[in-house]
Amino acid sequence: MKEYWEYAGFVYWHNHGMEGVYRRVTFVKDGFLGKVAEFFSDDYIVWKHRGLADEELIFKQWKAEADVMKHRFLLLADESGQATRTKSIWLGFGGFVEVLRHRVGSPVPAKFRDLVFLVDKGLEYAAKGVGETNNNESEAM
C-alpha cells in the first residue's frame, strides 16, 4: 500500500499511538497582480487509534501552525461517530481542526468526501493486489 499512498501524495504518520498517513495540500489565492495569499490544509487518514479517546486528544492538544488553515482527521473505525466535529483555534485565526470517525460504507459529509474517496480506492487497490498475488500463487502451483 505504500506506493498507493505515495502516489496520492501521502506519507506515513504516527503520533500519540495513532497511525496512518498524512499530506499537506497548498492553496494559492491569485489576484489581478499575482499571488495574494497561500495557505495549507493538513489531511490525516488514521487507521490505528483509540476511537473517542483519540478524538478528544486531538481536540485538546492540537496546536495552530503557521499558514495552516485546516487540520482534517479521518479516523477509520468499526463504528461511525456522530457528525463531523470542528474546533476553531484562536477564534479561527489559528485555523480549524475537523475530525470524522468513519466506518467504510457509511454516509460521508461533503467536507471529507475527497479523503473517503481515497480510502475507498485504496481498499480496491489492496483487494486487487491480493487477488493478483493469489492468482500468481495458483499458477505457480
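A few remarks follow.
- The C-beta contact set for the stretch 30-41 (first residue free of Cβ contacts under 8 Å to residues at least 40 places away in the same chain and among the aliphatic types (A, V, I, L, M), second residue open to solvent by 40 Å² or more (accessible area, probe 1.4 Å) and assigned to a strand (DSSP E or B), distance under 6 angstrom, 6+ apart or interchain) comprises Val36/Lys29; Ala37/Lys29.
- Considering the stretch 1-17, the residues that are in a strand (DSSP E or B) and not polar (S, T, N, Q) include one that is most open to solvent (accessible area, probe 1.4 Å), namely His14.
- Remark: pairs (first residue in the stretch 1-21, within 16 Å of Asp120 (Cβ to Cβ); second residue small (Gly, Ala, Ser) and surrounded by 12 or more Cβ atoms within 10 Å (Cβ to Cβ); Cβ separation under 7 Å; 6+ apart in sequence or on different chains) = Met1/Gly122; Met1/Ala126; Tyr4/Gly122.
- In the stretch 68-77, of all residues being farther than 16 Å from Trp13 by Cα and touching an Asp or Glu at 6+ places or on another chain (Cβ under 7 Å), the one that is least open to solvent (accessible area, probe 1.4 Å) corresponds to Val68.
- Residue within the stretch 18-33 that is among the basic types (Lys, Arg), at pLDDT 90 or above, buried (at least 17 other Cβ atoms within 10 Å of the Cβ) and closer than 18 Å to Trp90 by Cα present: no
- Some residue of the stretch 41-60 being modelled with pLDDT of 90 or more, open to solvent by 80 Å² or more (accessible area, probe 1.4 Å) and out of contact with any Gly (no Cβ under 8 Å at 6 or more places or on another chain): yes
- Members of the stretch 36-76 that are of a type in the set (Asp, Glu) and in a helix (DSSP H, G or I): Asp54, Glu55, Glu56
- The stretch 77-94 - residue that is assigned to a loop (DSSP other than H, G, I, E, B) and modelled with pLDDT of 75 or more and, of those, nearest to Gln61 (Cα to Cα): Ile89
- Condition met for Leu115 (open to solvent by less than 10 Å² (accessible area, probe 1.4 Å) and touching a residue at least 60 places away in the same chain (Cβ under 8 Å)): yes
- Note on the stretch 78-99: among residues that are more than 25 Å from Phe117 (Cα to Cα) and small (Gly, Ala, Ser), the one that is surrounded by the most Cβ atoms within 10 Å (Cβ to Cβ) is Gly94.
The values are calculated or read from the model by the stated rules, or taken from the named source; none is laboratory data. Predicted model only: the values in this text are computed from it and were never measured. Counting neighbours? That spans all protein chains shown, and the Cβs are built from the backbone with ideal geometry, glycine included. With ligands, DNA and RNA removed, areas are computed over all heavy atoms of the protein, side chains included. Shrake-Rupley method; radii C 1.70, N 1.55, O 1.52, S 1.80 Å.
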